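Here the structure comes first, spelled out in structure tokens, and everything after it is commentary.
The values are calculated or read from the model by the stated rules, or taken from the named source; none is laboratory data. Computed from a predicted structure; not experimentally measured. FYI the Cβ positions are ideal-geometry reconstructions off the backbone, even for glycines, and counts take in every protein chain you see.
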Amino acid sequence: MIKKILSISIILIFSINITFSQHKTTPEKPKLIISIFIEGMRYDYLYKYWDKFSEGGFKRLINKGMFLKNAQYKYLYTKSSSAYATFVTGANPSQHGIINDYWYERLSNSKTYCTYNKNVNAVGTNSYEEKNSPSSLLCSTFSDELRLSNFKQSKVISISPKDYAAVLPAGHLGNAAYWFDKNTGNWISSSYYFSELPKWVKRFNNKKFPDIYLNKEWNTIIPIEKYNKCLGDDNSFELGFIGGHNTFPYDLQKLKEASGYNILNSTPFGNTYTKDFAVSAIVNEDLGRDEFCDYLNISFTATSNITKKFSIRSIEIADTYIRLDKDLQHFINFVKDYVGLENTIIILTSDRGSTDTPRLLKNINMPGGYFKDKNAETLLQSYTRALYNKNNFIEYFDGSNLYLNRSKIENKKYDLQEIQQRIASFLVDFTGVANSVTSIDLESRNYTSGMLMRAQNSYHKKRSGDISVILEPGYLPGSDPEYGSGYRNFTNVPLIFYGWKIKHGESYKEISMTDVAPTLARFLKIAYPNASTGKVIEELLK
């Protein structure tokens, strides 16, 4: 079975008649740009697992590429969807509008998903849920500008098991975005891109690779005693799989029977499956093989799913990164042979970092805990009724953004600013809350540093709440397991450029993740994304 698994990538490449390029002259512009996102990857993982990595994966990128060691997202709510949008637009959520994975819509009185579009349909599945497009993204991406520069002769493809991580990086003009169908294990898309899947995608799906990956056991790739920087295999800080199973080995076939194909992306083999599909996309779409630069985004998301189930200090996450290193090695070797590294820029980064659970922090006497946002909401409702003649003005609260019923406030002729300020002051008294800031302050003032600056970068007038809550380090809202704060453990991410004309080096200079898109535009000699606020990364031009 192991031989069968290892042969999948060989089948993907050599089942198609490929003539590898031998031309090694570096072109004036890159022919292919590949962004590789590893969800939830902490900056320090590169050092923690260094001695377990091969020479051809993470080490190759660092030893031969430009390692920017102080790259940061500079906004408050470090949600995954916001990161993808920031990377490709060169703008913060305050400009591109993707303030969260979900946000509250006042007009419809409901939550809206960041890529939901009722006017499109799923392609490749019978699911009625997969209605995704980039319609909520409010500005252009560097790949949009690339396609416009030669009027759609460049190809743009984005791949991720998660829909938003495929759709947002593809931009408005992407040729295709593909994500994982948890019901069938297939790669699917939406009618925003085409009416039916390309033939090569259908052929790939028909090979039923998920069945192969899940018909096996997940055990550690090296002897378990060598994971000496991790918590023990059986510890009380892990949720584990369904039924509380949290120790090696894992029978994936049994887990599939309990959870369906969705379990694949909570194992390292979800990353391998994503890599296999990316290889097939490069070959079948002939990416990087003509004069027009193409863009491919690949998002590995099993890392964040495994972190949620097992924690950042688990043997499971360590094993996942060691296996991912091997997937990267194979992928980079493939790109070297098929496209040529002299023709390709590979960018490795993450959507955000990860942190310890409050339960672990409390156990080891570190600051941290849960902000009881639902209790706070109940008390706030009572507070506003007491102050304002039995009127409850709290409309929606997700632990980060609090929305007031502005129509009701206006009809009752109360002062919105006064109500905002009173509620903001009331919230600060709750355990875990460091500060709170009103929308009126965020709109009228200019914060240039600290958490208030980050709050301003996260704030969008039409989509954000009346009050933004800033938690203490180590605290999470009890109702939001996907919460990401504006502190360094979430905002500082790895950023490595490799290939083409990129010189080897490293830099500790502070880099904003809004700087990536304008830098790529500079490389390609095209217009910057229209809302971009970032600067060109000068270290890459030397």
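Points to keep in mind about this one:
- Listed by position, the helices (runs of 4 or more DSSP H) enclosed by region 192-293 that each have at least 1 residues that are surrounded by fewer than 16 Cβ atoms within 10 Å (Cβ to Cβ) are 199-206, 209-214, 252-259.
- Members of region 308-331 that are farther than 28 Å from Ser280 by Cα and among the polar types (S, T, N, Q): Ser311, Ser314
- All told, Lys31 meets the bar of being within 30 Å of Phe204 (Cα to Cα), surrounded by 22 or more Cβ atoms within 10 Å (Cβ to Cβ) and in contact with a Cys (Cβ under 9 Å, 6 or more places away or on another chain).
- Considering region 510-528, and only residues there that are touching a Pro at 6+ places or on another chain (Cβ under 8 Å) and hydrophobic (A, V, I, L, M, F, W, C), the residue that is nearest to Gly353 (Cα to Cα) turns out to be Ala517.
- Restricting Asn117, Asn132 to those that are closer than 20 Å to Trp187 by Cα, within 17 Å of the chain's Cα centre (by Cα) and modelled with pLDDT of 95 or more reduces the list to Asn132.
- In this entry, Lys374 is excluded by the filter for residues that are within 30 Å of Ser314 (Cβ to Cβ), part of a helix (DSSP H, G or I) and touching a strand residue (DSSP E or B) at 6+ places or on another chain (Cβ under 7 Å).
- The condition of being assigned by TED's automatic domain parsing to the domain that holds Gln95, in contact with a Gly (Cβ under 8 Å, 6 or more places away or on another chain), within 15 Å of Tyr77 (Cβ to Cβ) and buried (at least 22 other Cβ atoms within 10 Å of the Cβ) holds for Phe490.
- Yes/no for Asn297 being touching a strand residue (DSSP E or B) at 6+ places or on another chain (Cβ under 6 Å) and without any contact (Cβ under 8 Å) to a residue 60 or more places away in the chain: no
- Considering (1) farther than 20 Å from Ala531 by Cα; (2) crowded, with 24+ Cβ neighbours inside 10 Å; (3) not aromatic (Phe, Trp, Tyr), the lone condition that Ala170 does not fulfil carries the number (1).
- Some residue of region 249-268 being modelled with pLDDT of 95 or more, under 23 Å from the mean Cα position of the chain (by Cα) and among the hydrophobic types (A, V, I, L, M, F, W, C): yes
- Checked against (1) farther than 25 Å from Leu471 by Cβ; (2) in contact with a Pro (Cβ under 7 Å, 6 or more places away or on another chain); (3) among the aliphatic types (A, V, I, L, M), Ile62 meets all criteria but (2).
- Qualifying residue in region 364-378 (condition: within 30 Å of Lys52 (Cα to Cα), touching an Asp or Glu at 6+ places or on another chain (Cβ under 8 Å) and in contact (Cβ under 8 Å) with a residue 12 or more places away in the chain): yes
- Residue under evaluation Pro477, criteria (1) touching a residue at least 60 places away in the same chain (Cβ under 8 Å); (2) more than 18 Å from Tyr396 (Cα to Cα); (3) surrounded by 19 or more Cβ atoms within 10 Å (Cβ to Cβ), criterion not met: (2)
- Boolean, Asp441 is crowded, with 22+ Cβ neighbours inside 10 Å, in the same structural domain as Asp398 (by TED's automatic domain parsing) and not aliphatic (A, V, I, L, M): no
- Hits in region 143-164 (condition: of a type in the set (Gly, Ala, Ser) and surrounded by fewer than 24 Cβ atoms within 10 Å (Cβ to Cβ)): Ser149
- Taking the listed residues Ser485, Ser512, Ser468, the one that is surrounded by fewer than 22 Cβ atoms within 10 Å (Cβ to Cβ), in contact with a strand residue (DSSP E or B) (Cβ under 9 Å, 6 or more places away or on another chain) and of a type in the set (Ser, Thr, Tyr) is Ser512, with no other qualifying.
- Taking the listed residues Asn435, Asn457, the one that is touching a residue at least 12 places away in the same chain (Cβ under 8 Å), buried (at least 23 other Cβ atoms within 10 Å of the Cβ) and not assigned by TED's automatic domain parsing to the domain that holds Thr86 is Asn457, with no other qualifying.
- Candidate set from region 43-67 (those that are within 19 Å of the chain's Cα centre (by Cα) and over 23 Å from Ala278 (Cβ atoms)); member that is surrounded by the fewest Cβ atoms within 10 Å (Cβ to Cβ): Asp44
- Annotation: Gln153 fulfils all but one of (1) modelled with pLDDT of 95 or more; (2) out of contact with any Lys or Arg (no Cβ under 9 Å at 6 or more places or on another chain); (3) not aromatic (Phe, Trp, Tyr); the unmet one is (2).
- Among the helices (runs of 4 or more DSSP H) confined to region 1-82, the ones with at least 3 residues that are under 30 Å from Asn343 (Cβ atoms) and modelled with pLDDT under 95 are located at 2-14.
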